[in-house]
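Colleague: Handing you this structure, nothing more for now.
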Amino acid sequence: FVWGWLTLLPHALGASAPKVENKVLRRSGLALFALGLATEVMADFQKFFFKRNHKGFCDVGLWSVSQHPNWFGNLCLWSGITLYNAPGLSPVKLALAAASPVFLGALFGAQASGSLTPAVELSQARYGSDPRFAAYLENTPLFMPRVDKWLAALASGLVGKGWGPEL
């Protein structure tokens, strides 16, 4: 319940706010939303096809630049919605709307680090004996990828390399 309510805030508050034009914020928000949606969907597809065709941990495509690119994409998506709606929101409503990406960032960070769920222990138990996994953990950002590497991996997937069945 809390997750859904907090996540929905930027959209709900924006839908009830007067439309104030700020092309830079609106376009930036729309772009961040689109990049986030593409990242989340592509990461899920990449992992699905990888697991279908390979054994071991997924370290291809977007998974090569972030250990949790699907969560990163979701955070970008909701941050984009917040940014898109920001021009019409009062300072109080903007602060409430900003609670959504802040909450999601904290939630995903806690999940990824293992402080909220046993995900880290489960991964270690499953892949810990693989030296490539240790290198992956050491060299791949937990959550937020470098922007240049993220956009390159996303672009590569969008043009057909690393999107699906060939993984």
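The values are calculated or read from the model by the stated rules, or taken from the named source; none is laboratory data. All values reported here derive from a predicted model rather than from experimental measurement. For neighbour counting, all protein chains shown are included, and Cβ atoms are generated from backbone atoms with ideal geometry for every residue, glycine included. In case anyone asks, the SASA skips ligands and DNA or RNA and just uses the protein heavy atoms, side chains included. Shrake-Rupley method; radii C 1.70, N 1.55, O 1.52, S 1.80 Å.
Colleague: Report yes if residue 80 is within 20 Å of residue 35 (Cβ to Cβ), touching a Phe, Trp or Tyr at 6+ places or on another chain (Cβ under 8 Å) and either part of a loop (DSSP other than H, G, I, E, B) or open to solvent by 20 Å² or more (accessible area, probe 1.4 Å) (or both), otherwise no.
Modeller: On the way: within 20 Å of residue 35 (Cβ to Cβ): yes; touching a Phe, Trp or Tyr at 6+ places or on another chain (Cβ under 8 Å): yes; either part of a loop (DSSP other than H, G, I, E, B) or open to solvent by 20 Å² or more (accessible area, probe 1.4 Å) (or both): no.
Spelling it out, it is not the case that residue 80 is within 20 Å of residue 35 (Cβ to Cβ), touching a Phe, Trp or Tyr at 6+ places or on another chain (Cβ under 8 Å) and either part of a loop (DSSP other than H, G, I, E, B) or open to solvent by 20 Å² or more (accessible area, probe 1.4 Å) (or both).
Colleague: Suppose we filter the range 128-149 for residues that are hydrophobic (A, V, I, L, M, F, W, C), in a helix (DSSP H, G or I), surrounded by 12 or more Cβ atoms within 10 Å (Cβ to Cβ) and under 19 Å from the mean Cα position of the chain (by Cα); how many remain? Step through it out loud before you land on a result.
Modeller: Initial filter on the range 128-149 (hydrophobic (A, V, I, L, M, F, W, C)): 133-135, 137, 142-144, 147.
Applying the additional criterion that residues be in a helix (DSSP H, G or I) yields 133-135, 137, 147.
Imposing the further condition that a residue be surrounded by 12 or more Cβ atoms within 10 Å (Cβ to Cβ) reduces the set to 133-134, 137.
Those left that are additionally under 19 Å from the mean Cα position of the chain (by Cα): 137.
Final tally of qualifying residues: 1.
Colleague: Applying the selection to the range 40-63, what residues are assigned to a loop (DSSP other than H, G, I, E, B) and either of a type in the set (Val, Ile, Thr) or open to solvent by 60 Å² or more (accessible area, probe 1.4 Å) (or both)? Before the answer, list the steps.
Modeller: Kept after step one, since they are assigned to a loop (DSSP other than H, G, I, E, B), are these residues of the range 40-63: 54-60.
Listed by number, the residues that qualify are 54, 55, 60.
Colleague: Tally time: how many residues in the range 21-30 are in contact with a helix residue (DSSP H, G or I) (Cβ under 7 Å, 6 or more places away or on another chain) and either without any contact (Cβ under 8 Å) to a residue 12 or more places away in the chain or assigned to a helix (DSSP H, G or I) (or both)?
Modeller: Final tally of qualifying residues: 5.
Colleague: Does residue 66 fit the bill of being open to solvent by 30 Å² or more (accessible area, probe 1.4 Å) and not aromatic (Phe, Trp, Tyr)? Reasoning before the result, please.
Modeller: Numbers: open to solvent by 30 Å² or more (accessible area, probe 1.4 Å): no; not aromatic (Phe, Trp, Tyr): yes.
No: the conditions fail for residue 66.
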